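Undergrad: Submitted below is the structure of interest, expressed as structure tokens.
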Amino acid sequence: MAERSTAAVDVADNSGDQPLTAQADQSTADGVAQNRERDTESDEAQGSGGTGGAGMASPPELHSGHKLARRYRLEECVTRLDGFSSWRAVDEKLRRAVGVHTLPADHARARSVLAAARSSALLGDPRFVQVLDAVEENDLVYVVHEWLPDAIELTALLATGPLEPHDAYQMVSQVASAMAAAHREGLAHLRLNPNAVLRTSSGQWRIRGLAVNAALRGVTSETPQRADTEAIGALLYASLTQRWPYEEDAYGLSGLPKDIGLIAPDQVRAGVHRGLSELSMRALANDGATASRHEAACTTPEELVKAIGEMPRIRPPEPTFTAPPEYQRTTYQQGNYGRPAPHPGVTAPVPTLPAPLQSRTGKALKWGVSALLIAALGLGSWQLADALMDSGNQSDDQNKTQTTDDGDKNSAAPKPTKPLKITGAQEYIAKGDPQHPADVGKTYDGNSSTYWRTSSYKDGPDMNPAFKPGVGIVYDFGSAKAVSTASIGLLFGGDHTTVTLYATDSMSSAVPLTSMKKLGSVTTTGTTANVKVTKPVKSRYVLVWFTALPYAPSDGYSGTGYKQAITDLKFTG
């Protein structure tokens, strides 16, 4: 059953037609239960239409052990539905597992299935489950494709919970780029759902049923690129929330509540990555509406790939290491390897060691060592006597000056620095509109993947004093603290970022900069700014003030322009 749930059998879902579903739940002639896959999708939930059971022909009489082309031995039927059947089989020539779709040659969709399978086989993209053979013989059409026993469906992965942000990012990135390549060759999927997306043991995401799934079901679309893009958005939405982004339940996932419409993933579940949330909405709302206030919707996989490339890269989680087991000595390390264990109550005999250096060579060696020792003692005695005679001929200088390091006695050891705890923060607005005041807490939450960002400006890198003299945040330590340095993590590098520290009397933006005390300033082109306070000053409130911002590309939140963001910030005192 585990192999069946992870294999590349890609058409096991029903079409939503109740008579066909009931028919699929019956037993086959060889006693294998049908409709084994977990796809509960309806065509309406997927957002694409189908022809239902039109042109359905009687399925061919096949059974376990039947051979196709004297090569493919059918092992287990996993689906028998709508006039076709899907099997797990064995390629006896190459001795490998394969998947096989079969349908009568006079089936209304037999010609389109053959054409779709052959077109998919010509693509040859390893990101798709490969079609190995497409044949018509003996009034039967069958399509042979790869079988991936080590792969896991996205449906099974989501059964245990939503994906981590890095896994969801990798999934949507690989699926979108694969579908963009397929559409460049004129191929569409039109049945892209959690059952059609697999993750292999190496972490690669692969897509099954390209063109073939839709042909088997008779699914067509006048806007195939838009349909596949919306399907990718639904996959990302489900990966972030563990919910299906429509009102109907599907693929083991609960749908959205009735009558509330499509809401963003970060409104469905707490802790959802903000950039991925907006990306899924841009792909889902692709009928011309905008998914947010800043970015337009994505209507093709190519546009979705471009939007993913403009996002900040999502880092994988830090690996966890388990402590090695405690070192244990063995009998081999103790020198007992190969020795017979003594019987209980019997004292093991102690081996008698031979007397050392009893041979002629040994005796000569002993005499040589003795002679060397005598010579060394004589030389040492002579040098000692000579030194004593020389010291007797010299007068003792009792007035010899001795220096003492008074500085070592009076100088105090430098005090070790310690991190200062931040109890609160808010934006300082000298002029114009605020930046993103709700995100100031992300600068000191200990998570470098979250950040507070500025708006994007057309002029730079030095900010225009008449329009916007600067942007920044005032931090509160709870009480007056001696500040020595500020270490600031920045999201964007480039020419250039200028940041200055000021000591202020309150968090209010009504306090002018001219009344604050400047503590230190630094200009950098990197992603870290370390501002050292030239003369430590005690203050409860410190302003981190940016007056120059580097040029950065569009990042999914704002367009290209001069901007900066603080990922993490630490003060020491």
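The values are calculated or read from the model by the stated rules, or taken from the named source; none is laboratory data. Quick caveat: nothing in here was measured; it's all calculated off a predicted structure. Here the Cβ is made from the backbone with ideal geometry for all residues, glycine too, and neighbour counts use every protein chain on show. Calculation scope for accessible area: heavy atoms of the full protein, side chains included, ligands and nucleic acids excluded. Shrake-Rupley method; radii C 1.70, N 1.55, O 1.52, S 1.80 Å.
Undergrad: State whether one or more residues within the stretch 496-507 are assigned to a strand (DSSP E or B), open to solvent by less than 30 Å² (accessible area, probe 1.4 Å), modelled with pLDDT of 90 or more and in contact with a Pro (Cβ under 6 Å, 6 or more places away or on another chain).
TA: Checking the stretch 496-507: at least one residue is assigned to a strand (DSSP E or B), open to solvent by less than 30 Å² (accessible area, probe 1.4 Å), modelled with pLDDT of 90 or more and in contact with a Pro (Cβ under 6 Å, 6 or more places away or on another chain).
Undergrad: A follow-up question, please. Go through (1) under 35 Å from the mean Cα position of the chain (by Cα); (2) open to solvent by 50 Å² or more (accessible area, probe 1.4 Å) and name the single condition G472 misses.
TA: Evaluating G472 over (1) under 35 Å from the mean Cα position of the chain (by Cα); (2) open to solvent by 50 Å² or more (accessible area, probe 1.4 Å) leaves (2) as the failure.
Undergrad: Cβ contacts < 8 Å: first residue farther than 20 Å from S112 by Cα and open to solvent by 20 Å² or more (accessible area, probe 1.4 Å), restricted to the stretch 186-207; second residue assigned to a loop (DSSP other than H, G, I, E, B) and among the β-branched types (V, I, T), any location; separation 6+ or different chain. Result?
TA: Pairs found: R206/V129; R206/T200.
Undergrad: Failed condition for Y541, given (1) crowded, with 19+ Cβ neighbours inside 10 Å; (2) of a type outside the set (K, R); (3) under 35 Å from the mean Cα position of the chain (by Cα); (4) closer than 18 Å to T443 by Cβ, with all others met?
TA: (3)
Undergrad: Check A486, A510, A430 and return the single one that is surrounded by fewer than 20 Cβ atoms within 10 Å (Cβ to Cβ), over 26 Å from G275 (Cα atoms) and in contact (Cβ under 8 Å) with a residue 40 or more places away in the chain.
TA: Working: A486 fails: surrounded by fewer than 20 Cβ atoms within 10 Å (Cβ to Cβ); A510 fails: in contact (Cβ under 8 Å) with a residue 40 or more places away in the chain.
Only one candidate passes the filter, namely A430.
Undergrad: Next question. Considering each residue of the stretch 142-180, count those that are of a type outside the set (S, T, N, Q) and in a loop (DSSP other than H, G, I, E, B), and give that number. Let's see the steps before the verdict.
TA: Step one: filter the stretch 142-180 for residues of a type outside the set (S, T, N, Q), giving 142-154, 156-159, 161-169, 171-172, 175-176, 178-180.
Going one step further and asking which of them are in a loop (DSSP other than H, G, I, E, B), we end up with 147-151, 159, 161-164.
Number satisfying all stated conditions: 10.
Undergrad: Taking F467 as meeting all but one of (1) closer than 18 Å to V499 by Cβ; (2) among the hydrophobic types (A, V, I, L, M, F, W, C); (3) open to solvent by 70 Å² or more (accessible area, probe 1.4 Å), write down the number of the exception.
TA: Failed condition: (1).
Table: residues versus (1) touching a strand residue (DSSP E or B) at 6+ places or on another chain (Cβ under 6 Å); (2) open to solvent by 10 Å² or more (accessible area, probe 1.4 Å); (3) under 21 Å from L190 (Cα atoms).
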| residue | (1), (2), (3) |
| --- | --- |
| R88 | yes, yes, no |
| R96 | no, yes, no |
| V113 | no, no, yes |
| S119 | no, yes, yes |
| E146 | no, yes, yes |
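Undergrad: Can you tell me which residue within the stretch 224-250, out of those that are under 18 Å from E302 (Cβ atoms) and of a type in the set (D, E), is least open to solvent (accessible area, probe 1.4 Å)? Give the derivation first.
TA: Let us first name the residues in the stretch 224-250 that are under 18 Å from E302 (Cβ atoms), namely 224-233, 235-236.
When the remaining residues are screened for being of a type in the set (D, E), the result is 228, 230.
Numbers: D228: 1, E230: 43 Å².
Selected residue: D228.
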